[in-house]
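Asker: Sharing a structure below in structure tokens format, with a few things to ask.
The values are calculated or read from the model by the stated rules, or taken from the named source; none is laboratory data. Since the model is a prediction, treat every value here as computed from it, not as a measurement. Because the Cβ atoms are built from the backbone with ideal geometry, glycine has one as well, and the counts that use them run over all protein chains shown. SASA here: full protein model, heavy atoms, side chains in, ligands and nucleic acids out. Shrake-Rupley method; radii C 1.70, N 1.55, O 1.52, S 1.80 Å.
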Amino acid sequence: MILILLGPPGSGKGTQSKRLMEKYNLPQISTGDILRAEVGKGTELGRRAKAVMDSGKLVSDDIILGIIKNRVEEPDCKKGFIFDGFPRTIPQAEGLKELLKQKRLKITKVLNIHLDDEIVVQRLGGRWTCTKCGAIFHASTNPPKKKGRCDKCNGELYQRDDQKESAVKERLNVYKKQTEPLINFYKKEKLLVDIDGTPSIDEIFKEITELLEGNV
Ligand code: AMP
């Protein structure tokens, strides 16, 4: 099974893809997480990506497609994978199409989680991420049991630079200009399914799994 999660920042793509990963035992491939790991390790790629990420803009398509090509060759990807935050531009979607064609693989579904702009800004403002395992919490909708600490691994929680207000607005603009055209791209490929991003995490997850189990 190959899934793509589309949606504006804050729509819950990361949370849903982590749950899907656990349920279907498939790797979640988040280009954002991979880039943040490079930043953390202080690699050349990480240093180049950090400034772009902090401003809310997109890292170049060549870099992203290079990351994806290497990642899908890893052994854990044999049974499929879940893309979270990739593709983000039409050239990335074209690059993915070509890559999958070469490997004789097909996308199962593109889940488009939609959410209004005001809710995006509200949600991202209250986000906390675990420094150790990457789990995401929210001050009002999904608070950690212990303030500032991760429920899963007790790691310290922090607010990412790209979740500051000016970066959030820029990420939303970038999403509209560069990523939203993917909705039509995948509609034409008859792969798109719309999911309302406003219900609770559990309700959205239930909708997604019911949908997939009717299809896979
Ligand atoms: P995310 O955690 O998915 O919101 O990603 C954080 C940041 O990493 C984005 O704002 C971009 O700067 C960069 N990034 C992640 N995935 C991509 C991608 N597929 N294409 C370009 N830039 C990306």
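Asker: Which translational diffusion coefficient, to the nearest whole µm²/s, is obtained for the chain from the Stokes-Einstein equation, given a Kirkwood hydrodynamic radius over C-alpha pairs, 10 °C and 1.306 mPa s?
Answerer: Roughly 90 µm²/s, to the nearest whole number.
Asker: Going highest first, how would you order 77-86, 42-51 by mean Cβ packing within 10 Å?
Answerer: Going from most to least packed, we get 77-86, 42-51.
Asker: Follow-up question, since we're still on this one. Would you rank LEU111, LEU211 by solvent-accessible area, highest first, keeping every protein chain in place and using a 1.4 Å probe?
Answerer: LEU211, LEU111
Asker: Here's another thing I want to ask about it. Using helices alone, I'd like the mean residue ellipticity at 222 nm for the chain: each DSSP H run of four-plus residues gives -39500 (n - 2.57), total over residue count, nearest 500. Walk me through the numbers before you get to the answer.
Answerer: Numbers: 9 runs with 99 residues, N = 216.
The helix-only estimate for the chain comes to -14000 deg cm²/dmol at 222 nm.
Asker: While we're here: Would you mind calculating the gained length between ASN173 and VAL121 on full extension (0.36 nm times residue separation, minus the Cα-Cα distance), in nm to one decimal?
Answerer: Numbers: separation 52, 0.36 × 52 = 18.72 nm, distance 1.16 nm.
Between ASN173 and VAL121, full extension yields an extra 17.6 nm.
Asker: Heavy atoms only, probe 1.4 Å: what % of the accessible area of region 1-143 goes to carbon and sulfur, would you let me know? Walk me through the intermediate numbers first.
Answerer: Values: 3590 of 6920 Å².
So the carbon and sulfur contribution to the accessible surface is 52 percent.
Asker: On to the next question. Ignoring ligands, DNA and RNA, how do GLU98, GLU170 rank by accessible area with a 1.4 Å probe, largest first? Provide the component values of the computation, followed by the final result.
Answerer: Working: GLU98 90, GLU170 55 Å².
From most accessible down to least: GLU98, GLU170.
Asker: For HIS114, HIS138, give me the order by solvent-accessible area with a 1.4 Å probe, most accessible first, ignoring ligands, DNA and RNA.
Answerer: The ranking, largest first, comes out as HIS114, HIS138.
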